[in-house]
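What follows is one structure encoded as structure tokens, with my remarks underneath.
The values are calculated or read from the model by the stated rules, or taken from the named source; none is laboratory data. What you are looking at is a predicted structure, and each value in this text was computed from that prediction instead of being measured. Note that each Cβ is placed from the backbone with ideal geometry, even for glycine, and that neighbours are counted across all protein chains shown.
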């Protein structure tokens, strides 16, 4: 087979696109000059390229399609495209004098699994979220909701699960960025994503056996074409009175050297709710990433480096002293600190840096097999600054340095009907909790070593039926160095069970070295059935195991943002998850739907539960302890898209999950409520690719929640009065409307620019969200107007 | 394959470099207030009310020590002191509160109408600070509670706050101690 200079972008539409597909692209000659009037021909339609060499083939059905591209004096190229989404095809024709080559564009199949649907986030959605976070871009996938701490710290929740249960894989490397914390957002610059997929459930065994909730897989943009292009996105927003600029350059090459570089800068002041300023919610980000690679016909060597650097203000009013303050906040429904708008960020705040260095070597062994090996070093430095006194006010209250080394090798071999993937990985991690903070750290110093081994096979039984199954083994060992207050040690009952791990003593603290070792087996099994009538049926059963994370094991202390003492437990067992999910996909000509029900059983599910009170000199605090139970999550995600006509489009998605604590026979805490989103889009390609879009987002009130309210005594008029602190009742449901519009302009011959104007929360609705940890203190952000300029060159 | 070796060498070297950065020293808690001491002087006596919580956020409740009973119809001049006794010698946090007087206020409340508190010290803007005060006990003997609250970053201009009413003060609580007292 002869490969030629072909560049293809996939415009990642929802779930691998809908009934009608478009192939678009540009035809150029050997000097990269556009070829006007080239003939692009398929069995359905034919078009000619326009004066700048561009063409568009619309309304193509799913399936394999041969495309012929010809121009007088040039070698005709034909290419076989397997259409399952829109395809961008840039073709360089060569003068007839040169050898006639056959062009083959093989569209990449879903890399993760053949029997489960993975959900791609559109490139447009990634660009729209340029000023926001990774999770904000994922929100458009049904079944993904957001776990927030204020407006800027956002984590994805997949089918009701988040944090350690949803690993983020960026450029093959699993992000190790203290992801156990609910107020620790993924340390990733959304602008650096070329493609993002969401995998619901644990079918991505090559990335780990502990993705109980699902996976977010991010891939950078890679160009296998001799080209140089740049992209700059400049965004300005009204809420936060700031903006972002992200600029990138890509040098592609069919063979030889390739490189790219990207830099992003974000600067925002205080966000504003409809009725007041959310004081101290500004943030800054300065990110860089770059790749240098060299490829020859059968190997590729690449080096990748990325740096994420963020400073994030934490709402002033969310810092509370004791349970009386929490009670007052909940009763008053008004933050206790409202200052004038400012760009300044003071304590409490977070400062995080994340470095990733990756060296990658891919070797093609023969036509059907390849091996890929990488080493990655991640260094994460997280500092959290609290309100402190005197000399300490500029010293971090939490200072963690997490270094992670990963080495991984993956082998892949394809036969006609069988595909085999296998791999091995090792990971060494060192967490250093700096004792110079003067505050006992939530997470101790520890070292961890992991090793894993997996194999996945998929077999095409017949034209309609494909089967996939995988098996993985993981070994993990962790040894921590932790000081326990002697009083805490006794209160936890560790004196009886863990006396042997005490290695020293310092004042009122024990020095201990707890260590744990785990052996886990995980697996997945899937079936895909093509009914041959546009119906497809995916079924997946996955078994995964997640070991307790450092916070679940070792937490012991006060969380100032929630006014609660959180206690880990050294006795926790790993949690085991079994998930069955089924998805039915149908694509008619103008209408397509996907229905995705699932049942998820988790034994030893770890969660925080209130167990009582502790009184300190600061007053009383409710105590929450990590406990385990058997949990069951049952839910359904639904998507549809209706191309009403060539101008109008209707999109609908809904997600519902019911989480139950089976042992206690009560609902699980913090489950996303029913969410429905409807979008109506008007397109007029003739008017500079005009797009006008209105989206309605309805989030219902969560009616299923456990009652974790507690009674405490607060002082009123000198008397102690018992009051109920309502930490359980979810806020009311809400409906928001968002507007988006965009136009494209061809400023220069090779340039393509677009301008977008959008409004989030058009009617400046006041609301609170159940899944925002700051819902006790403030309303959510109000209206936000954004203007975005995109330049491609 | 040669590349793989380079990678391995890099791996091992960084690995070794990294594992040296451990520091097993314990954290000295620097700004915890472990102890609040209220001193009441009046009627020829000095009475101290002490709350001491040496395990900070740990599970043990603070230990309360009340040196004696109060007398009716007496004017006590009072002061409060905050210490961190985890450090040696104990750190006096009262000084820091005095320095940052605009950000702090101590509130005193007494139950069952057993007496009245008035502030005698003020911050640079003329609002009460509460490190010094007067307590005038009532004519009737009885038992009740004195509640001492230190608020940080409160709204000193909110209604009633300058009179010692905590209801609208907001802010975050650094100290909240309830002393049971007997007046006879």
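What the table below lists for this structure:
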{"quantity": "Lone qualifier among B:58, B:43 - being farther than 30 Å from residue A:395 by Cβ and either touching a helix residue (DSSP H, G or I) at 6+ places or on another chain (Cβ under 8 Å) or at pLDDT below 90 (or both)", "calculated": "B:43"}
{"quantity": "Unmet requirement for residue A:617, which otherwise passes all of (1) under 30 Å from residue B:50 (Cα atoms); (2) in contact (Cβ under 8 Å) with a residue 12 or more places away in the chain", "calculated": "(2)"}
{"quantity": "Residue that is under 24 Å from residue A:268 (Cβ atoms) and in a loop (DSSP other than H, G, I, E, B), where the choices are A:308, A:343", "calculated": "A:343"}
{"quantity": "Entirely in region A:476-584, the helices (runs of 4 or more DSSP H) that have 2 or more residues that are under 35 Å from the mean Cα position of the chain (by Cα) and closer than 27 Å to residue A:609 by Cα", "calculated": "A:550-554"}
{"quantity": "Residue match in region B:118-127 (condition: touching a residue at least 40 places away in the same chain (Cβ under 8 Å), within 13 Å of another protein chain (Cβ to nearest Cβ) and either buried (at least 20 other Cβ atoms within 10 Å of the Cβ) or under 20 Å from residue B:173 (Cα atoms) (or both))", "calculated": "no"}
{"quantity": "Test for residue A:575: is it within 25 Å of residue A:165 (Cα to Cα), at pLDDT 90 or above and within 14 Å of chain B (Cβ to nearest Cβ)", "calculated": "no"}
{"quantity": "Among (1) farther than 28 Å from residue A:505 by Cα; (2) surrounded by 16 or more Cβ atoms within 10 Å (Cβ to Cβ), the one test that residue A:459 misses", "calculated": "(2)"}
{"quantity": "Verdict on residue A:338 being assigned to a strand (DSSP E or B), in contact with a strand residue (DSSP E or B) (Cβ under 9 Å, 6 or more places away or on another chain) and either surrounded by 23 or more Cβ atoms within 10 Å (Cβ to Cβ) or assigned by TED's automatic domain parsing to the domain that holds residue A:386 (or both)", "calculated": "no"}
{"quantity": "Residues satisfying the stated conditions in region B:46-62, i.e. over 14 Å from the mean Cα position of the chain (by Cα) and facing another protein chain (nearest Cβ under 10 Å)", "calculated": "B:55, B:58, B:59, B:60, B:61"}
{"quantity": "Filter result for the condition that a residue is in contact with a strand residue (DSSP E or B) (Cβ under 7 Å, 6 or more places away or on another chain), assigned by TED's automatic domain parsing to the domain that holds residue A:531 and more than 28 Å from residue A:536 (Cβ to Cβ), over A:419, A:479", "calculated": "A:479"}
{"quantity": "Region A:490-513, residues that are facing chain B (nearest Cβ under 8 Å) and under 17 Å from residue A:572 (Cα atoms)", "calculated": "A:491"}
{"quantity": "Residue A:594 in a strand (DSSP E or B), at pLDDT 90 or above and within 14 Å of another protein chain (Cβ to nearest Cβ)", "calculated": "no"}
{"quantity": "Candidate set from region A:353-368 (those that are farther than 16 Å from residue A:290 by Cα and within 11 Å of chain B (Cβ to nearest Cβ)); member that is surrounded by the most Cβ atoms within 10 Å (Cβ to Cβ)", "calculated": "A:361"}
{"quantity": "Some residue of region B:84-98 being without any contact (Cβ under 8 Å) to a residue 60 or more places away in the chain, in contact with a helix residue (DSSP H, G or I) (Cβ under 6 Å, 6 or more places away or on another chain) and at the interface with chain A (Cβ under 8 Å from one of its Cβ atoms)", "calculated": "yes"}
{"quantity": "Elements of type strands (runs of 3 or more DSSP E) contained in region A:120-179, each with 3 or more residues being in contact (Cβ under 8 Å) with a residue 40 or more places away in the chain and closer than 24 Å to residue A:88 by Cβ", "calculated": "none"}
{"quantity": "Lone qualifier among B:136, B:177, B:148, B:181 - being away from every other protein chain (no Cβ under 12 Å) and assigned to a strand (DSSP E or B)", "calculated": "B:136"}
{"quantity": "Some residue of region A:760-779 being in contact with a helix residue (DSSP H, G or I) (Cβ under 7 Å, 6 or more places away or on another chain), part of a strand (DSSP E or B) and in contact (Cβ under 8 Å) with a residue 40 or more places away in the chain", "calculated": "no"}
{"quantity": "Residue match in region A:218-225 (condition: within 12 Å of the chain's Cα centre (by Cα) and surrounded by fewer than 23 Cβ atoms within 10 Å (Cβ to Cβ))", "calculated": "yes"}
{"quantity": "Flag for residue A:301 being in contact (Cβ under 8 Å) with a residue 24 or more places away in the chain, in contact with a strand residue (DSSP E or B) (Cβ under 9 Å, 6 or more places away or on another chain), surrounded by fewer than 22 Cβ atoms within 10 Å (Cβ to Cβ) and within 14 Å of another protein chain (Cβ to nearest Cβ)", "calculated": "yes"}
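The rows are residues; the columns are (1) at pLDDT below 90; (2) under 22 Å from the mean Cα position of the chain (by Cα).
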{"residue": "A:195", "(1), (2)": "yes, yes"}
{"residue": "A:199", "(1), (2)": "yes, yes"}
{"residue": "A:216", "(1), (2)": "no, yes"}
{"residue": "A:229", "(1), (2)": "yes, no"}
{"residue": "A:244", "(1), (2)": "no, yes"}
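Results for (1) under 27 Å from the mean Cα position of the chain (by Cα); (2) modelled with pLDDT under 95; (3) surrounded by 14 or more Cβ atoms within 10 Å (Cβ to Cβ), shown as yes or no for each residue.
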position: A:700; (1), (2), (3): yes, no, yes
position: A:739; (1), (2), (3): yes, no, yes
position: A:745; (1), (2), (3): no, yes, no
position: A:759; (1), (2), (3): yes, no, yes
position: A:777; (1), (2), (3): yes, yes, yes
position: A:783; (1), (2), (3): yes, no, yes
